[in-house]
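Scroll down for the structure; my scribbles are underneath it.
The values are calculated or read from the model by the stated rules, or taken from the named source; none is laboratory data. All figures in this text were calculated on a predicted structure; none of them were measured in a lab. With ideal geometry, Cβ positions are generated from the backbone for all residues, glycine too; neighbour counts draw on all protein chains shown. For accessibility, only protein heavy atoms count, side chains too; no ligands or nucleic acids. Shrake-Rupley method; radii C 1.70, N 1.55, O 1.52, S 1.80 Å.
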Amino acid sequence: MNILIVLTSHDELGDTGEKTGFWLEELAAPYYVLKDAGHRLTLASPKGGQPPLDPKSDSEDSQTEDTKRFKADPEAQQKLATTKLLSDIDPGDYDAVFYPGGHGPLWDLAESETSKKIIETTLRSGKPVALVCHAPAVLKIVESEDGKPIVEGRKVTGFTNEEEEQVGLTDVVPYLLEDVLKRQGAEWSEGGVFAEHVVADGLLITGQNPPSSGPTAQALCKALAAKEEYA
């Protein structure tokens, strides 16, 4: 199946003067879960081209087998360097959408009308959407067909307030993801600080943190398989 992976184009970490972007593991692990399952992947971002990589996610102690494989994979590097412009994307061309995290999405994708439309169109077409870590923040402007927040009454997870405190960015981020989604009526759950935790509520799949990124993509594969089985 065709899967769209949506990455941030935002590279400024608030007013700190430091850089941010997408988190490498949260792209690399899902990329190979989905690719190795036989799915065709398209990468897109608000500005197109090479999206910014959070430098902390490229540090030696953040490397995994998947990140090493991704950095040594010419095809993956080419796709990353030439992401499609998000505004050129027709969600009808894709069977599912996956959003990696990193702090970048808090600023751009979470305010993007284009991203909002892609998620709403995908879900209303009976297709799954998966988001991991900070990426569930993009749901804060997404609405159900009756105009209510998409997360209202739905089970979700994402980067927790405690995890944000652990990385020392509570006062840097524009808002706390957990607080925003709870205020919108989400049934929030978490698996512990930097513990793997994935929640699937119908077509909406969310993962808590970097260790949850591969399992979130596995949950997306499961949803696609079930959809195919009952098609």
How many residues of segment 212-231 are open to solvent by 10 Å² or more (accessible area, probe 1.4 Å), touching a residue at least 60 places away in the same chain (Cβ under 8 Å) and out of contact with any helix residue (DSSP H, G or I) (no Cβ under 7 Å at 6 or more places or on another chain)? The answer is 4
Within segment 64-107, count every residue that is of a type in the set (Asp, Glu), assigned to a loop (DSSP other than H, G, I, E, B) and touching a helix residue (DSSP H, G or I) at 6+ places or on another chain (Cβ under 7 Å).
-> 1
Restricting the search to segment 170-209, which residues are assigned to a strand (DSSP E or B) and either among the aromatic types (Phe, Trp, Tyr) or open to solvent by 40 Å² or more (accessible area, probe 1.4 Å) (or both)?
-> Glu187, Trp188, Val198, Ala200
So, of the residues in segment 50-63 that are under 16 Å from Gly21 (Cβ atoms) and assigned to a helix (DSSP H, G or I), which turns out to be least open to solvent (accessible area, probe 1.4 Å)?
-> Ser57
Check whether at least one residue in segment 142-155 is without any contact (Cβ under 8 Å) to a residue 24 or more places away in the chain, on the phi < 0 side of the Ramachandran plot, surrounded by 15 or more Cβ atoms within 10 Å (Cβ to Cβ) and small (Gly, Ala, Ser), and report yes or no.
-> yes
What number of residues within segment 20-49 satisfy the criterion of being farther than 13 Å from Ala76 by Cβ and either open to solvent by less than 30 Å² (accessible area, probe 1.4 Å) or not in a helix (DSSP H, G or I) (or both)?
-> 15
